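Scroll down for the structure; my scribbles are underneath it.
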Amino acid sequence: MPGRRAASLLLLSLIPAAAAAYDGAPFYGYAVEPGGGYPLSLPQTLRATIAVPVSRMATRPADTLAELYPALAACWQAPGGLARPGDGAGDIEITVRLALRRDGSLIGPPRVTYAAGTAGDQRTALVRGTLDALARCTPVHITAGLGRAIAGRPVALRFVYRPPA
């Protein structure tokens, strides 16, 4: 039984000592620890899903990630002849991986990492249309603070399009 006791103690040591419920207070990106806080960093890959086409264009430079993603998708338009996918599949999806400089311009060409809901010529039109839209929307207008935060970080942007019935 000594092995069972050791295993029980190990499992108990992995449980957090004090798990507190979220109290609704705003969190500004700093962890408060005894002796001071430390700034939290952004994840390595920034990810977002955007329903396209975007209904409105941004009127000011993007200052947050929530404002950046629609600004990157604002130029996307459905390529001609893009029809509803068959076999009961609902949406057409395409994911593009890219990186931006501090000024909002692209670092190298974007890479399509996933495309679903189309095949053949429609898939080619979807990929070309998405890459053209990113070329039209960049350099994206961002603030200096957001530019410093995202410069060089990979962005995985997933466009989801629901063709009309």
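The values are calculated or read from the model by the stated rules, or taken from the named source; none is laboratory data. This is a predicted model, so every value here is computed, not measured. Note that we place each Cβ from the backbone using ideal geometry, even for glycine, and neighbour counts take in every protein chain shown.
Things worth noting here:
- Criterion applied to G145, G108, G129, G80 was being assigned to a loop (DSSP other than H, G, I, E, B) and in contact (Cβ under 8 Å) with a residue 40 or more places away in the chain, and the one residue passing it is G80.
- Filter pass, T45 being within 21 Å of the chain's Cα centre (by Cα) and modelled with pLDDT under 85: yes
- Residue list for the stretch 124-148, restricted to those being aliphatic (A, V, I, L, M) and touching a helix residue (DSSP H, G or I) at 6+ places or on another chain (Cβ under 9 Å): A133, L134, V140, I142, L146
- Positions within the stretch 61-77 being in a helix (DSSP H, G or I) and of a type in the set (F, W, Y), in sequence order: Y69
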